[in-house]
Amino acid sequence: MSCIVAVIAFKEHHMFNGFKHFVVPVFGLLANLGCMLFYIIGPFSVAGMSWHEPFIALGVALVWGIYGAIHFVTHSKKKEKPMFVSSAAAV
């Protein structure tokens, strides 16, 4: 998520640098996806690896992400703050 946020956040920033704010985050995103792909496929292609561990880890990450989203929505509503910014803030 931080790789995607870096690309989006700096897209129109006055200090935008194509290499630092696009190439590096996209490479990081692809590297993370490659690692996750091996983490999921590895137990099925490498003898001796258990397939339980990666799916338990992904399940925990999914539950944590759902909890974070619920927490964000409920606390935004309690504080009466908008969840999404509708217009650019004045700098």
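The values are calculated or read from the model by the stated rules, or taken from the named source; none is laboratory data. What you see is a predicted model, and the numbers here were worked out from it, not measured in a lab. Because the Cβ atoms are built from the backbone with ideal geometry, glycine has one as well, and the counts that use them run over all protein chains shown. Accessible surface is based on the protein model in full, side chains and every heavy atom, while ligands, DNA and RNA are left aside. Shrake-Rupley method; radii C 1.70, N 1.55, O 1.52, S 1.80 Å.
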- Average accessible surface area per residue within segment 1-83, 1.4 Å rolling probe, Å²: 84
- What is the log10 of I(q)/I(0) for segment 1-40, computed with the Debye formula using one identical point scatterer on each Cα and no solvent, at q = 0.14, 0.15, 0.18 Å⁻¹? -0.33, -0.37, -0.48
- Item | Listed residue (ASN32, PHE72, ILE4) projecting farthest to the positive dipole end of the chain, Cβ model | PHE72
- Message: Could you work out [θ]222 nm for the chain from helices alone, using -39500 (n - 2.57) per DSSP H run of at least four and dividing by all its residues? Round to the nearest 500 deg cm²/dmol.
- Response: -22000 deg cm²/dmol
- How high is the relative contact order of the chain, in percent, with contacts defined as C-alpha pairs under 8 Å that are six or more residues apart? 16
- Query: Hey, what angle do you get for helix 24-45 against the long axis of the chain, alpha-carbon based, 0 to 90 degrees rounded to 10?
  - Reply: 30
- Note on the structure: Largest fluctuation, HIS71, HIS14, HIS52 only, Gaussian network model of the chain with Cα springs under 10 angstrom, belongs to HIS14
- Task: Give the value in nm², to one decimal: projected area of the alpha carbon convex hull of the chain, averaged over all directions.
- Result: 8.3
- What nm distance separates the two modelled labels at MET1 and LYS79, each placed 7 Å from Cα along Cα→Cβ? 1.5
- Task: Taking chymotrypsin sites (Phe, Trp or Tyr not before Pro) as candidate sites, keep only those in a DSSP loop with at most 13 other Cβ atoms within 10 Å, then name the longest stretch of the chain containing none of them.
- Result: 17-50
- Query: What's the extension gain from ALA69 to ILE56 if we count 0.36 nm per residue and subtract their Cα-Cα distance?
  - Reply: 2.7 nm
- Query: In what sequence, largest accessible area first, do VAL85, VAL73 appear using a 1.4 Å probe?
  - Reply: VAL85, VAL73
- Magnitude of the Cβ-charge dipole of segment 11-91, K/R +1 and D/E -1, about the Cα centre, nearest 20 debye? 360
